[in-house]
Structure formats: structure tokens, C-alpha cells
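Undergrad: Structure incoming, see below.
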Amino acid sequence: MSIYKNCRIDTNSPLQWFQVDELGRIADFGIGTPTSEDANTIDLLGRHIQPAFVDAHCHILPTGLDLIKLHLGTANSVADVLDLVRQRHADHPEGWIHAVHYDQNKYGKDVTLEELDKISSIRPILLRHVSGHSSVANTAALLAAGVHENTPDPDGGHYGRDADGRLNGQLFEHAHEIVTNASPNPTLEEMVDAIMLAGESMNAFGISCASDMMTGRFDLALELNAYRIAAERGCKIATRLYLQWNTVFGRKSLDKDLFDDLVKKLDLAPSSRCKVAGIKIFADGAIGSATAAIYGSFSGATSDGPVLAHHARAAKHAEKEVSGTLIYSPEKLKKMVLTAHEVGYQVSIHSIGDYATDLVLDAFEATGNPEKHRIEHAMILSDSQIERLAKLNPYVTFQPEFLCRFAHSYKKQLGNRSANLIRVRSVLDAGLRVSFNSDRPIVAGDPRTGIEAAVNRPEGYNPAEACTYAEAISAYTVEGSRVNGDGDYWGSLSRGSSGEFVFL
């Protein structure tokens, strides 16, 4: 048990103290001097503290794995990308070359399959887009996934082709996943190490609890075991897992008895440090890769042929002109949501485009209890959609850090429409429950960067959609706990809550 004294939880509050028990919970607190002190009393010297952050939408295991991959964040041209890949090939000559944070919007054009083949035509090379929704592959990576010139596009994705119809190495949505999945999966021990590494990195930002929003990406059974083992080994963050729909209900689902046993073992992890929180579904893609399902068209799609070809699939479900990629038809999406809802799960749906968001709200409304569920990103919202959100009242999660990291992509793909992305002020004024989070490893994931971007929106974005510091801190602390189903346990400093805090 520890006692912390001489701190301020609110800027103008008097000096306070609080006591944290052996389970890490606040057992008691008060104003002034604690009634008793011992060797475990820590003097905070009048500092202003706040609850530790909650990152309620990120990718924990992928974050740890990405920390050891080739990072292309320093590249500003195709030549830079090729130089980095060439150097990686020389320094690490075995296995796949996995690169992350590829961004053709910065370079002015895409890297080509032929350019990657000149580095190696026999070693698989895969450059993952910074959005996480597309990639560029060389011939060896395509062949490893069984993709040939006559391979048809998968549902919810497509293979890029040049003007002559030949594969150009570009992969979008499910096509990107097919090739990515052809690489060897990490072992159980590698997964545990990655989760521990990610937890250490995130805790250094003052994060106490985080949600993995795509558990089951590799192997659901292995991943559940890995998260449990990491918790038992003292992972520095508590973890909340949102399982991919297909791993629970679809063709990749586990045997029910095995699944139930794995979830039960998670519940035995120390102090509820790890648990399943819900089900994850993707409705559309991303803005940077021109695969978000939007009304209208993209201003700067870099692969007009493949993307336009996919418009037909989306357009048959809409009366207006639409662009981008629907991962599932509206009918299929609604059935998936109802399946998970009827079992009792909270459903979390990735929806970036305004067209996709309309379909997500239709699916939530069909459950009869839309306020139970959560919509992720909701980056493009009309006034009428905000009114509808207020009526249905699902949780809304935003990633303000996107505004400073991807301004160039948003401007290129959406033109002037990008000014009103992430309408925090309007959504808060409508009375909705809003949490801020990172989507790490898509971005660096420092909550302070996200808070600053929400309060002082970067140049080019409508300043009327900014929020206050108090609102931003709440969205990155207690609101993150609530959207995860943890009530006020994380992200608040009160009797019975977690005693984890950060200095301001």
C-alpha cells in the first residue's frame, strides 16, 4: 500500500493526498495532510497530476511487431523508399522484407512492382501503407500468396493493375490482407515479446490501459494465450481485446469449447489486466488509400482504374454517387452486427467515409440497442448524420493525431472537404459520448499530440471543430474507460478507481 501526498488533481484545488492499495486501486483520499504516513509515503511536491491515459483504439500486438520492421517514415520520395529497402535487404538477407509507414501521397507516385523486383525478385517484399489498408508488393510476395495475373479480385478488395491489365503490385483492403497473410506468422513467444514491448512503449506515454482493435489478425488462439501470458508477466498496460468477427462467428472461428476456455483463462489474469471487450468489424477502408466509402469522389486517387472499378460494387447500394470500398454489402454488414449483438457482444465498427457511416448506423439501429455499440473514426460527418448519431447514441471514437500526421493525404484525396474532418465540437455539442485514441501503430500514439490536435486544430482544418483541454483530457482518460466497458475504473482518480496517474 502506498500513500501519495501534496498533489493537485484539479488546477485550482487545494493540496490533496490519496492511498493506493495492493491491487492498485485508490482506497482513500482527502484534503491536506494524510491521517497517517509510513515508509511508502511519496511526496509529490505540489505537482498537478491527472489520471493515466486510456487508448481505447489501437493495435497492441502489431505495434510491438512493427517496432522491429523497416520504418519508412523518413522517406520523402520513391528513391528514398527504394534506398531504405535496398539497405534492409543487404543488412537482413533472410525472410520477408516487411516495411511500414509507406505513403505514396508524400512521394507523388507509387513504388512499382518492377522497382521492387530489381532489389529482389525471389525474396518477398511488402510495403504497408501508413493507413494499414493497402500495400505494394513485389512479384515474390504475390506468388507466395498464390496471386497471378488471372487471379480475380477478392470481395472487399482488389489487386492494382496497369493500363494493360497487368498486376502492378498495389493491393487494396482484402487483397492487401491476402498477401500479408502469406508471410509466416509470429510464434507464441514472439507475440508475447511484442505485446510486452508495445506495453512498455505505450506506458512511457502515460497510458495505463489500451484496446487491441483487431485481435485474431494472425491466430486467435495464439493471440489470446499471448495476451494472457503477457499480463501474467507484468505487461505495463492493461489490455482490452476486440476480436475480429470472422474469428468468432465466421469461417475462421474457433471451436466453441476451446474459445470459451481461452476466454475463461483470460479472466483469471491478474487484477483483470486482460479481457475480451467486444467484436470488431471493418465497414470500409481509409482516405489515404482512397478506399474509404464516401459520397462523391476522391480528388487524387492514385489508382483510378482499380478504385473506379470498385465504385460499381458500392454504387449499386446507393442512390448518390459513391466512391471507395465497402468491405461488406449493407445486408451482410447488418447480419454480422445482429449476430454479435444477439450473443451479447459490444460491436465496434471501423467507418471512415460518410457513406459507410450511414450503413453502420442502419446496422446499429436494427439491433434495437444502438447505444451499446461503438463507431470508430467517423471522420466524415454531415450535420444530418450528427443529428442521427445523437438519436441513436452509440459511442464515437476519434483519432485527432491523424489531423497532424496525414494532412497531405487528406488534402490530396478530399480537397477542401478535408477541412471538416473529425468534427469533435459538433459531436460533443450534440451530446454524444466521445473518446480520443490513437490507432497506433498508424501514428506514434502520444496522447499529448492527440490532445493538442483536438484543442488547436492544425492549419487547414476548421477551427470551429476544436474542443477544450478539459474535454480532450476527459476523452483520452475516463471516456476511454467507459467505451471499453470499464466504467470509471481507468482514467479517473476516485475511491475504487485505478491509482495510475501522470504528471502535468
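Undergrad: What about ALA318, is it among the hydrophobic types (A, V, I, L, M, F, W, C), at pLDDT below 95 and either outside any helix (DSSP H, G or I) or within 20 Å of GLY156 (Cα to Cα) (or both)? I'd like the intermediate steps shown before the answer.
TA: On the way: among the hydrophobic types (A, V, I, L, M, F, W, C): yes; at pLDDT below 95: yes; either outside any helix (DSSP H, G or I) or within 20 Å of GLY156 (Cα to Cα) (or both): yes.
It is true that ALA318 is among the hydrophobic types (A, V, I, L, M, F, W, C), at pLDDT below 95 and either outside any helix (DSSP H, G or I) or within 20 Å of GLY156 (Cα to Cα) (or both).
Undergrad: Follow-up question, since we're still on this one. Taking the conditions exactly as written (farther than 24 Å from HIS408 by Cα and either in contact (Cβ under 8 Å) with a residue 24 or more places away in the chain or touching a strand residue (DSSP E or B) at 6+ places or on another chain (Cβ under 6 Å) (or both)), does ALA140 satisfy them or not? Full working, then the answer.
TA: Details: farther than 24 Å from HIS408 by Cα: yes; either in contact (Cβ under 8 Å) with a residue 24 or more places away in the chain or touching a strand residue (DSSP E or B) at 6+ places or on another chain (Cβ under 6 Å) (or both): no.
No; evaluated as a whole, the condition is false for this residue.
Undergrad: I would also like to ask the following. Looking at (1) in a strand (DSSP E or B); (2) of a type in the set (Val, Ile, Thr); (3) closer than 28 Å to ARG495 by Cβ, find the lone condition where THR33 falls short.
TA: (1)
Undergrad: Please find, among ASP55, ASP80, ASP66, ASP91, the residue that is acidic (Asp, Glu) and touching a Gly at 6+ places or on another chain (Cβ under 8 Å). Give the steps one after another, and end with the answer.
TA: Details: ASP80 fails: touching a Gly at 6+ places or on another chain (Cβ under 8 Å); ASP66 fails: touching a Gly at 6+ places or on another chain (Cβ under 8 Å); ASP91 fails: touching a Gly at 6+ places or on another chain (Cβ under 8 Å).
Matching residue, one of ASP55, ASP80, ASP66, ASP91: ASP55.
Undergrad: Next question, about the same structure. Any residue in segment 344-369 that's under 18 Å from GLN244 (Cβ atoms): show its pairings with residues that are of a type in the set (S, T, N, Q) and outside any loop (DSSP other than H, G, I, E, B) at Cβ separation under 7 Å, as long as the two are six or more apart or on different chains.
TA: As it stands, the answer is SER351/THR357; VAL360/SER351, since those pairs meet every condition given.
Undergrad: Return yes when VAL443 is touching an Asp or Glu at 6+ places or on another chain (Cβ under 6 Å) and either under 17 Å from ASN105 (Cβ atoms) or in the same structural domain as CYS209 (by TED's automatic domain parsing) (or both) and no when it is not. Spell out the reasoning first.
TA: Details: touching an Asp or Glu at 6+ places or on another chain (Cβ under 6 Å): yes; either under 17 Å from ASN105 (Cβ atoms) or in the same structural domain as CYS209 (by TED's automatic domain parsing) (or both): yes.
Judged against the criteria, VAL443 is a match.
Undergrad: If you don't mind, there's one more thing I want to ask. Filter segment 414-462 down to residues that are at pLDDT below 95 and of a type in the set (Val, Ile, Thr), then give me how many there are.
TA: 2
Undergrad: Right, ALA390: at pLDDT below 95, of a type in the set (A, V, I, L, M) and either surrounded by fewer than 24 Cβ atoms within 10 Å (Cβ to Cβ) or under 16 Å from SER351 (Cβ atoms) (or both) or not? Spell out how you get there, then give the answer.
TA: Values: at pLDDT below 95: no; of a type in the set (A, V, I, L, M): yes; either surrounded by fewer than 24 Cβ atoms within 10 Å (Cβ to Cβ) or under 16 Å from SER351 (Cβ atoms) (or both): yes.
Against the criterion (at pLDDT below 95, of a type in the set (A, V, I, L, M) and either surrounded by fewer than 24 Cβ atoms within 10 Å (Cβ to Cβ) or under 16 Å from SER351 (Cβ atoms) (or both)), ALA390 does not qualify.
Undergrad: Name the pairs: first residue in segment 402-414 and charged (D, E, K, R), second residue in a helix (DSSP H, G or I), Cβ to Cβ under 7 Å, at least 6 apart or on different chains?
TA: Final answer for the pair search is LYS411/SER418; LYS412/ASN105.
Undergrad: Related question: Which of the residues that make up segment 36-66 are touching a Lys or Arg at 6+ places or on another chain (Cβ under 9 Å), surrounded by fewer than 21 Cβ atoms within 10 Å (Cβ to Cβ) and part of a strand (DSSP E or B)?
TA: Once the filter is applied, which keeps residues that are touching a Lys or Arg at 6+ places or on another chain (Cβ under 9 Å), surrounded by fewer than 21 Cβ atoms within 10 Å (Cβ to Cβ) and part of a strand (DSSP E or B), segment 36-66 yields THR41, ILE42, ASP43, LEU44, GLY46, ARG47, HIS48, ILE49.
Undergrad: Might you check whether a residue that is assigned to a helix (DSSP H, G or I), surrounded by fewer than 23 Cβ atoms within 10 Å (Cβ to Cβ), of a type in the set (D, E, K, R) and out of contact with any Leu (no Cβ under 8 Å at 6 or more places or on another chain) occurs anywhere in segment 393-401? Before the answer, list the steps.
TA: Residues of segment 393-401 that are assigned to a helix (DSSP H, G or I), as a first pass: 401.
Filter again for surrounded by fewer than 23 Cβ atoms within 10 Å (Cβ to Cβ), leaving none.
No, segment 393-401 contains no residue that is assigned to a helix (DSSP H, G or I), surrounded by fewer than 23 Cβ atoms within 10 Å (Cβ to Cβ), of a type in the set (D, E, K, R) and out of contact with any Leu (no Cβ under 8 Å at 6 or more places or on another chain).
Undergrad: Moving to a separate point now. Examine segment 8-30 for a residue that is small (Gly, Ala, Ser) and either out of contact with any strand residue (DSSP E or B) (no Cβ under 9 Å at 6 or more places or on another chain) or at pLDDT 95 or above (or both), and state whether such a residue exists. Can you show your working first?
TA: Kept after step one, since they are small (Gly, Ala, Ser), are these residues of segment 8-30: 13, 24, 27, 30.
Then keep just the ones that are either out of contact with any strand residue (DSSP E or B) (no Cβ under 9 Å at 6 or more places or on another chain) or at pLDDT 95 or above (or both); that gives none.
Looking for residues that are small (Gly, Ala, Ser) and either out of contact with any strand residue (DSSP E or B) (no Cβ under 9 Å at 6 or more places or on another chain) or at pLDDT 95 or above (or both), one finds none in segment 8-30, hence no.
Undergrad: Here is a list of conditions, (1) within 30 Å of ALA210 (Cβ to Cβ); (2) assigned to a helix (DSSP H, G or I), and HIS98 meets all of them except one; can you say which number that is?
TA: (2)
The values are calculated or read from the model by the stated rules, or taken from the named source; none is laboratory data. Remember, predicted model here, so these are calculated numbers, not experimental data. Positions of Cβ are backbone-derived with ideal geometry, glycine not excepted, and every protein chain shown enters the neighbour counts.
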